[in-house]
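Everything below concerns the one structure shown next.
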Amino acid sequence: MLKKLFQAFRPSETPNLPDPDAELALGALLVRVAKSDREYQVEEISLIDRILARLYQHNAIEAAKVRATCEKLHSAAPETDTFGRLIRETTGLEERLAALDALWEVVLADGKQQEGELKIVEESRIAMGLSVKDSQAARTRAMNKM
């Protein structure tokens with residue numbers, strides 16, 4: 001069902017994009033958060049690479065390739081909650097909490113919390129079936145990592 005939904009939103013000129021799984025969905029959300037303030041900084045890009053490497057056991061080159069695919073998915077993608085639902089439907093609670101932690105890491109990376117970033121995290125949290133308390137705890141964990 002989600003595959004058909006993604007195909008309906010996918011522009012016809014991007015036939016080489018893979019069907020998203022939880023990893024690509026999270027990567028696309030991370031890119032979406034980082035780009036939401038229209039300042040996609042090198043620090044955010046490298047943080048996304050490190051997060052993908054940490055969560056999915058990639059080396060630096062593999063993580064960068066995944067992120068590049070996620071950038072394309074983000075551009076061609078449906079609504080934020082579609083990615084969140086995909087994560088909810090294909091992963092367990094621990095993975096969803098780790099995804100929320102990662103989103104907060106990217107939000108906090110530049111020291112500023114923009115309204116657009118917070119909206120994406122909130123939409124993602126709801127779609128992943130996580131609570132406000134989960135989000136507050138994830139934000140605290142992300143702050144402690146800094």
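Descriptive notes on the structure:
- For the chain, the relative contact order works out to 31 percent when only alpha carbon pairs closer than 8 Å and six or more residues apart are counted.
- Extension gain, Lys72 back to Glu94 (0.36 nm per residue minus Cα-Cα distance, nm): 5.2 nm
- Calculated FRET efficiency for the pair Glu79/Ser131, C-beta based, R₀ 25 Å, to 0.05: 0.75
- Only lysine pairs 8 or more places apart, or on different chains, with alpha-carbon atoms under 18 angstrom apart are counted in the stretch 20-145, and they number 6.
- Theoretical gain in end-to-end length, Gln113 to Lys145 [0.36 nm per residue, Cα-Cα removed]: 9.9 nm
- The Cα trace of the stretch 20-145 gives Rg and Dmax of 12.8, 35 Å, the first to one decimal, the second as a whole number.
Read the figures in this text as sums done on the coordinates, not as results from a lab. These figures come from a predicted structure and were not determined experimentally. Ideal geometry is used to build each Cβ from the backbone, glycine not excepted, and the neighbour counts take in all protein chains shown.
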